[in-house]
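*Asks:* Below: one structure in structure tokens.
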Amino acid sequence: MKICGLHDGYHLPKLANPIMLLPVFQDLIKPQWRAVFEALKFSGGLPVTELAGAVDASYMAVKQHCEDLRELGYLDRTRLPRKVVGRPEIFYSLSAKADSLFPQIGVGFTLDLLEDLKAMLGENTPDKLLFQYFQKQQEKWRPLLMKSESLVEKATKLAALRTQEGCHVRCEYDPAIGLRIEEIHNPLQRIFERYPRAVAMELRMLEQLLGTRVTRRELPGGRAGQPQVIFEMLTPGKPALG
């Protein structure tokens with residue numbers, strides 16, 4: 001059978017050791033799942049029978065692993081008609097969500113690019129680009145927050161939006177001390193370290209979106225960890241209307 005551009009008679013190699021997944025996922029994901037990810041990435045997609053051969057496991061075990069991964073959103077499942085009489089074969093391939101498991105061009109590339117642009121176009125070029133980034137984020141999120149009936153609701157929605165962008169955030173409200181957003185991870189942290197003016201840009205964006213003054217303070221993250229960032233809105237008593 002010819003699969004995803006592979007010629008007839010081609011035999012997939014046994015993938016005994018994971019070679020493509022990000023190191024953090026190699027450490028955390030089940031070895032059987034790693035093997036499935038690697039085989040499907042290499043081939044572009046396989047029927048269960050061929051996938052079982054590629055990972056050196058039984059048909060039923062591989063099918064169960066694939067179904068588990070499909071339910072989590074990492075695999076797509078289709079059926080292929082057989083060339084001979086019989087029921088269609090179950091065919092699995094990686095979904096778009098699985099892309100995040102494999103190396104991508106990341107923050108290092110962004111920092112290098114900003115430095116190159118600074119050398120080409122002037123000292124303030126990175127800050128101008130970062131300002132545009134936060135402006136676009138503000139324009140994207142504002143319509144999603146406009147119908148919020150209180151500042152608490154608005155801050156809670158904003159925390160959820162930031163989580164979707166890769167931040168690890170939670171929103172807390174106490175009538176005695178007010179409203180706060182606690183952030184323990186931000187994908188832009190290395191950008192902030194290189195271009196500290198971006199910190200003020202982000203804070204200004206949050207103030208514009210929430211419609212109130214926000215104070216920002218950092219707590220040490222410990223060793224090489226990111227600092228924990230606290231955004232506070234002084235709103236004791238009943239939440240102010242947005």
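*Asks:* If you average the C-alpha positions of segment 158-220 and of segment 37-51 separately, how far apart do those two centres end up, in angstrom?
*Replies:* Rounded to whole Å, the Cα centres lie 41 Å apart.
*Asks:* Order by neighbour count: Glu202, Glu67, fewest other Cβ atoms within 10 Å first, most last.
*Replies:* If I rank by nearby Cβ atoms, fewest first, I get Glu67, Glu202.
*Asks:* Determine the shape class of segment 36-84: with a ≥ b ≥ c the square roots of the Cα gyration tensor eigenvalues, call it rounded for a/c under 1.5, and otherwise prolate if a/b is greater than b/c, oblate otherwise.
*Replies:* Rounded, because the longest to shortest axis ratio a/c is under 1.5.
*Asks:* If you don't mind, another one. Using θ = phi - 60° and the Karplus form 6.51 cos²θ - 1.76 cosθ + 1.60, what ³J(HN,Hα) does each residue of segment 35-43 get, whole Hz, x for Gly and Pro?
*Replies:* 4, 5, 4, 5, 5, 6, 5, 5, 8
*Asks:* If you keep only loop residues by DSSP, which trypsin sites (Lys or Arg not before Pro) in segment 137-196 have at most 16 other Cβ atoms within 10 Å of their Cβ?
*Replies:* Here the sparse-neighbourhood loop sites are Lys147.
*Asks:* Further question on the same structure: Hey, fewest Cβ within 10 Å first, where do Ile181, Ile230, Ile191 land in order?
*Replies:* Ile230, Ile191, Ile181
*Asks:* Let me check against my output: what whole-number percent is the relative contact order of segment 23-101, with C-alpha pairs under 8 Å and at least 6 apart?
*Replies:* On the way: 88 pairs, mean separation 24.4, N = 79.
Relative contact order here is 31 percent.
*Asks:* Here's another thing I want to ask about it. Go ahead and run the numbers for FRET between Lys147 and Asp127, Cβ-Cβ distance against an R0 of 41 Å, rounding to 0.05.
*Replies:* 0.80
*Asks:* Under 5 Å between amide hydrogens, which residues at least 5 positions from Leu94 or on another chain qualify, with H placed 1.01 Å from N in the peptide plane?
*Replies:* Sorted by chain and number, the residues that satisfy this are Asp76.
*Asks:* With a/c under 1.5 counting as rounded, go ahead and sort segment 145-233 into rounded, prolate or oblate using the C-alpha gyration tensor (a ≥ b ≥ c being the square roots of the eigenvalues; past the cut-off, prolate if a/b is larger than b/c, else oblate).
*Replies:* Working: a/c = 1.78, a/b = 1.53, b/c = 1.16.
Because a/c hits 1.5 or more and a/b exceeds b/c, segment 145-233 counts as prolate.
*Asks:* Let me ask something else. Which of the three applies to segment 64-164, rounded, prolate or oblate, going by the alpha-carbon gyration tensor with a ≥ b ≥ c and a/c under 1.5 meaning rounded?
*Replies:* Taking the square roots of the gyration eigenvalues as a ≥ b ≥ c, segment 64-164 is oblate.
*Asks:* Ok, one more. What order do you get for Val55, Val199 when you list them from fewest to most C-beta neighbours inside 10 Å?
*Replies:* Ascending Cβ contact count within 10 Å gives the list Val199, Val55.
Every number in this text was worked out from the coordinates using simple rules, so none of it is lab data. This one's a predicted model, so the numbers in the text were calculated from it and none came from an experiment. Heads up, the Cβs are rebuilt from the backbone with ideal geometry, glycines too, and the neighbour counts pull from every protein chain shown.
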